[in-house]
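Student: Structure below; questions to follow.
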Amino acid sequence: MTPIIDLRDIYKIYYMGENEVRAADGVSLKIYKGEFVAIVGQSGSGKSTLMNIIGCLDVPTMGEYYLNGEDVSELDDDEQAYIRNKTLGFIFQQYNLIAKLNVLENVELSLLYAGLSKNKRTELAKHALERVGLSDKLKNYPNQLSGGQQQRVSIARALAGNPSIILADEPTGALDSKTSREVLDFLKKLNDEGNTIVLITHDQSIAAEAKRVVRIRDGKIIYDGDAASAFEKR
Amino acid sequence: MGFYQAFKLALKSLAGNKMRAFLTMLGIIIGVAAVIILVSLMQGLTGEVTSIFSDLGTEVLTVTVQSRGATRTVDDKDLYELYEANGEIFSAFSPNVTVSGTVKYANTEYSSTVKGVSEEYMEIEDYELESGRFISYADIEYYQKVCVVGSYLNKEVYNGSAIGKYIKVGGNKLTIVGVLKETDDSSEKSGDDLILLPYSTACKVGKTQISSYSFFVRDTKKITYAEDVIGDYLYGIFKSDDYYMIINMQSLIDQMDEMMNTMTMVLVGIAGISLLVGGIGIMNIMLVSVTERTREIGIRKSLGARRRDIMRQFVIEAGTTSAVGGIIGILLGAAVSILLGNLIGIDATPTLLAVALSAGVSIFIGVLFGYLPASKAAKLNPIDALRYE
Ligand SMILES: Nc1ncnc2c1ncn2[C@@H]1O[C@H](COP(=O)(O)OP(=O)(O)OP(=O)(O)O)[C@@H](O)[C@H]1O
Ligand SMILES: [Mg+2]
């Protein structure tokens with residue numbers, strides 16, 4: 001079986017004057033369809049860097065990246081945009097909703113760039129919002145929602161185009177424990193339905209529920225295995 | 001993303017910040033309005049002056065002779081001879097005398113124009129008679145104290161029955177023998193407020209001399225040839241062209257048209273500079289807008305927006321800004337030029353061409369100056385844009 005995500009010896013190096021910062025320092029990682037992977041590590045260890053490369057938002061300095069068997073490190077801007085649109089759904093810590101668009105319009109955005117018709121967009125967006133339980137807030141603007149609700153909108157947005165991979169960079173970072181729980185349960189539900197989930201988190205109790213945990217330190221993978229042994233080691 | 005979507009988004013973003021949108025558009029509004037006003041007024045003015053000149057007759061060559069200091073001179077008889085010798089070119093001829101004496105009837109003074117002319121003047125000016133007769137050859141030959149009046153005097157002073165009555169010009173009693181049909185609006189100081197008398201009589205009454213001669217040509221196409229014929233004759237007499245002048249209305253009109261056009265171009269060019277400044281204003285605000293919305297651009301890119309999607313959004317936004325500014329400018333410009341036109345008394349309604357041109361130019365400027373900020377936005381790296389604070 002080919003992995004859905006296949007990172008081969010990935011480097012991301014930032015040059016700060018004399019110093020170089022190796023945000024990814026020879027990372028190789030395979031993730032298969034249907035996995036639920038939690039990436040953990042200290043602040044500055046290179047988790048987001050890895051996630052951005054996985055999400056085609058950033059390009060590695062060196063190394064190869066195969067997504068669904070296709071080498072994406074060679075693709076140009078617009079081809080990467082196409083892949084983000086079709087294959088990837090992002091959930092960010094800061095929600096990243098567009099303030100002047102209402103909830104429905106925000107969720108429709110990726111469908112808009114996919115070139116779907118107005119009716120189709122509305123239908124899919126409404127369905128996604130229904131799944132996250134926000135059917136009654138379609139016309140609200142982001143600043144009229146609570147943090148948890150905004151995060152649910154961004155989840156709906158990530159879902160709307162039915163991507164095979166959901167990437168979440170500290171999705172619960174700004175939420176209280178109860179709302180974090182809801183978000184996590186939702187991600188688990190999506191995973192049960194067959195989506196591949198990659199989640200960055202600082203929260204041990206959340207990472208503990210993932211099927212697989214990858215720990216990063218100084219741009220290197222120092223642990224890759226099941227959740228149970230990930231935390232007893234510490 | 002479709003064009004319509006981008007357009008709607010652009011309008012929304014304009015409406016979201018009305019004050020800034022207005023200030024951004026101000027340059028375009030002023031530029032477009034200035035172009036419309038200038039073009040409309042200049043065209044109105046040109047039209048007005050041309051029509052005044054044309055009324056004076058494009059078939060007429062007016063000759064003035066100033067023989068002081070010359071060894072020889074010409075008089076009305078010489079020019080009559082020239083006229084009769086060239087019957088195939090000219091169809092009418094009249095010496096003109098301007099009389100400045102006071103016009104009086106029953107102790108009331110009038111400001112009517114008084115002119116001494118020949119019996120053929122009617123043809124030159126295309127006058128028609130309302131009643132009575134025109135000045136005759138005999139009137140001129142025998143210095144008859146007769147005159148023909150325009151419809152203003154006939155109506156206002158004589159209640160429509162001027163024939164046989166008299167009018168005093170410079171203290172001389174003249175008998176009215178004819179009344180002209182209305183050519184203008186029969187009001188005071190209009191073309192209908194006029195008294196014509198035999199030019200011979202006019203010289204005596206006005207204690208003056210013939211001021212000019214009018215030659216009426218048969219064919220306007222041959223007017224330059226006719227001008228040459230007269231010029232050759234006069235040059236033959238004076239051996240110099242310092243003592244006479246031949247005025248050809250058509251060439252005057254052509255010259256003036258050309259001058260007005262040049263002037264319009266210069267003025268529009270100056271007004272165009274404000275359009276350029278307006279465009280730079282749009283570019284400036286678009287650059288600010290791109291910076292402000294870096295994060296939004298990052299979000300859109302993370303969701304799959306391609307370069308051209310972002311590009312289109314910003315170019316259309318810039319185009320919409322300047323188009324809306326252009327429309328406001330056109331309305332403002334049209335209103336001001338019609339108002340000013342009415343004030344000066346000319347028809348300064350903006351032409352479709354002026355409107356279409358300035359609308360086109362303003363959209364073009366928006367797109368042109370929106371291009372740079374838009375491509376800056378489109379080229380942003382998604383992760384840098386998303387991280388932007
Ligand atoms: N644009 C950049 N320029 C220079 N250095 C960078 C840049 N982006 C990231 N880094 C560096 O790369 C390293 C990894 O950063 P990264 O954002 O991946 O950390 P992280 O594990 O996500 O941390 P956190 O948990 O705080 O989000 C850090 O040392 C950071 O300073
Ligand atoms: Mg991070």
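Please treat every number below as a calculation from the coordinates, not as lab data. Keep in mind that what you see is a predicted model, and the values were worked out from it rather than measured. Cβ coordinates were reconstructed from backbone atoms using ideal geometry, including for glycine residues, and neighbour counts include every protein chain displayed.
Student: Between 0 and 90 degrees, rounded to the nearest ten: what's the tilt of helix B:18-55 against the longest Cα principal axis of chain B?
Tutor: The angle comes out near 20 degrees.
Student: Right, next: Given points 7 Å out from each Cα along the Cα-Cβ axis, report the B:Ser51 to B:Glu123 separation in nanometres with one decimal.
Tutor: Taking the simple label geometry, B:Ser51 and B:Glu123 are separated by 2.9 nm.
Student: Hey, what number do you get for chain A at 222 nm if only DSSP H runs of n ≥ 4 count, each worth -39500 (n - 2.57), divided across all residues, to the nearest 500?
Tutor: Taken over chain A, the calculation gives -10500 deg cm²/dmol.
Student: Per-residue HN-Hα couplings for region B:128-140, Karplus 6.51 cos²θ - 1.76 cosθ + 1.60 at θ = phi - 60°, whole Hz, x for Gly and Pro?
Tutor: 10, 8, 7, 7, x, 10, 8, 4, 10, 4, 5, 4, 6
Student: How far apart, in nanometres, would the label points at A:Asn19 and B:Ile344 be if each is projected 7 angstrom from Cα along the Cα-to-Cβ direction?
Tutor: 7.1 nm
Student: Once phi is turned into θ = phi - 60°, what whole-Hz ³J(HN,Hα) does the Karplus curve with 6.51, -1.76 and 1.60 give for every residue of region A:96-106, x standing for Gly and Pro?
Tutor: Computed from phi, the couplings for region A:96-106 are 6, 8, 8, 5, 8, 9, 7, 3, 4, 5, 4 Hz.
Student: Pick from A:Thr122, A:Thr196, A:Thr172: which is most flexible by mean-square fluctuation in a GNM of chain A where alpha carbon atoms under 10 Å apart are linked?
Tutor: Evaluated over chain A, the most mobile residue of the options is A:Thr122.
Student: Going down the table (A:Lys86/A:Lys211; A:Lys47/B:Lys8; A:Lys30/A:Lys120; B:Lys145/B:Lys222; A:Lys86/A:Lys178; A:Lys12/A:Lys211), which pairs top 29 Å between alpha carbons?
Tutor: A:Lys47/B:Lys8; A:Lys30/A:Lys120; B:Lys145/B:Lys222; A:Lys86/A:Lys178
Student: Out of residues 5 or more away from A:Ala208 or on other chains, whose amide H comes under 5 Å of its own, with H placed 1.01 Å from N in the peptide plane?
Tutor: Residues meeting the criterion, in which the H sits 1.01 Å from N, do not exist here.
Student: Using the Karplus equation 6.51 cos²θ - 1.76 cosθ + 1.60 (θ = phi - 60°), what ³J(HN,Hα) coupling, rounded to whole Hz, does each residue of region A:117-122 give in order, writing x for Gly and Pro?
Tutor: Whole-Hz 3J(HN,Hα) from phi for region A:117-122: 6, 3, 4, 4, 4, 4.
Student: With viscosity set to 1.002 mPa s at 20 °C, what whole-number translational diffusion coefficient in µm²/s follows for chain A from Stokes-Einstein and a Kirkwood radius over Cα pairs?
Tutor: For the chosen part, D equals 118 µm²/s.
Student: If you don't mind, another one. Counting only other chains, what is the mean number of Cβ atoms within 10 angstrom of the Cβ of each residue in peptide B:9-18?
Tutor: Averaged over the peptide's residues, the number is 1.
Student: Within 10 Å of each residue's Cβ, count the other Cβ atoms and sort A:Lys47, B:Lys204 from fewest upward.
Tutor: So the ranking, lowest neighbour count to highest, is B:Lys204, A:Lys47.
Student: In addition: Per 10 Å bin, what is the whole-percent P(r) computed from every C-alpha pair distance within region A:119-228?
Tutor: Here the calculated profile for region A:119-228 is 13, 43, 31, 11, 2.
Student: Can you give the calculated 222 nm mean residue ellipticity of chain B, where each DSSP H run of n ≥ 4 adds -39,500 (n - 2.57) and the sum is split over every residue, rounded to the nearest 500 deg cm²/dmol?
Tutor: Here the helix-only value at 222 nm equals -19500 deg cm²/dmol.
Student: Sorted from fewest to most neighbouring beta carbons within 10 Å, what does the list B:Arg133, B:Arg72 look like?
Tutor: Neighbour counts put them in this order, fewest first: B:Arg72, B:Arg133.
Student: A further question follows. Compute the helix-to-body angle for B:3-15: its Cα long axis versus the longest principal axis of chain B, expressed 0 to 90° and rounded to tens.
Tutor: Around 80 degrees separate the two axes.
Student: A 23 angstrom limit on the alpha carbon distance is what I want to check against. Which of B:Lys77/B:Lys207; B:Lys104/B:Lys207; B:Lys18/B:Lys301; A:Lys100/A:Lys137; B:Lys115/B:Lys189 exceed it?
Tutor: Flagged as over cut-off: B:Lys18/B:Lys301.
Student: Same structure, new question: For region B:264-308, just run the numbers: alpha carbon Rg, then divide by 2.2 N^0.38 Å, N being how many residues it has.
Tutor: Compactness ratio reported: 1.83.
Student: List the residues, sorted by chain then number, that are 5 or more residues from A:Arg217 or on another chain and whose placed amide H is less than 5 Å from its amide H.
Tutor: Close amide H contacts, sequence-distant or interchain: A:Ile222.
Student: So, one more: Which of the GluC sites (Glu not before Pro) across region A:158-212 are loop residues per DSSP, with 13 or fewer other Cβ within 10 Å?
Tutor: Listed in order of number, the matching sites are A:Glu193.
Student: Taking 8 Å as the Cα distance limit and 6 or more residues as the minimum spacing, I'd like the relative contact order of region B:57-253 as a percentage.
Tutor: Relative contact order, region B:57-253: 36 percent.
Student: Would you mind telling me which residue in B:Glu258, B:Glu156, B:Glu120 has the biggest mean-square fluctuation in a Gaussian network model of chain B, where springs connect alpha carbons within a distance under 10 angstrom?
Tutor: Highest fluctuation among the options: B:Glu156.
Student: Cross-link candidates for A:Lys126: which aspartates and glutamates have Cα within less than 15 Å, leaving aside residues fewer than 8 places away along the same chain?
Tutor: Partners found: A:Glu105, A:Glu108, A:Asp136.
Student: Run through the DSSP bridge list for region A:119-234 and note the antiparallel percent, rounded to the nearest 5.
Tutor: Of the beta bridges lying entirely in region A:119-234, close to 50 percent run antiparallel.
Student: How long are the three semi-axes of the equivalent ellipsoid of region B:57-253, in whole Å, if each is the root of 5 times an eigenvalue of the C-alpha gyration tensor, listed from largest down?
Tutor: 31, 18, 14
Student: Also, quick follow-up: When chain B is treated as a GNM, springs tying every alpha-carbon pair under 10 Å, which of B:Met286, B:Met19, B:Met259 comes out with the largest mean-square fluctuation?
Tutor: B:Met19
Student: For a quick check: with amide H placed at 1.01 Å from N, whose amide H comes under 5 Å from B:Tyr244's, ignoring anything fewer than 5 positions away on the same chain?
Tutor: Amide H neighbours of B:Tyr244: B:Gln66.
Student: Please state, to two decimals, what the Cα-based radius of gyration of the protein assembly as shown comes to when divided by 2.2 N^0.38 Å (N = residues).
Tutor: Expressed relative to 2.2 N^0.38 Å, the Cα Rg reads 1.75.
Student: On a 0 to 90° scale, report how tilted helix B:249-292 is relative to the longest principal axis of chain B, with both axes built from alpha carbons and the result rounded to the nearest 10.
Tutor: 10 degrees
Student: Over the Cα atoms, compute the radius of gyration (one decimal) and Dmax (the largest Cα-Cα distance, rounded to a whole number) for region B:344-389, in Å.
Tutor: 20.1, 64
Student: Still on this structure: Which whole number gives the average count of other chain Cβ atoms within 10 Å of the Cβ atoms across peptide A:78-85?
Tutor: Neighbouring Cβ atoms belonging to other protein chains average 5 per residue here.
Student: If you don't mind, there's one more thing I want to ask. Going by how many other Cβ atoms sit within 10 Å of their own, how do B:Met263, A:Met1, B:Met283 line up, fewest first?
Tutor: Lowest to highest Cβ neighbour count: A:Met1, B:Met263, B:Met283.
Student: Would you please classify the overall shape of chain B from the alpha carbon gyration tensor, given that a ≥ b ≥ c denote the square roots of the eigenvalues, rounded means a/c under 1.5, and beyond that prolate means a/b larger than b/c while oblate covers the rest?
Tutor: Prolate, since a/c reaches 1.5 and a/b exceeds b/c.
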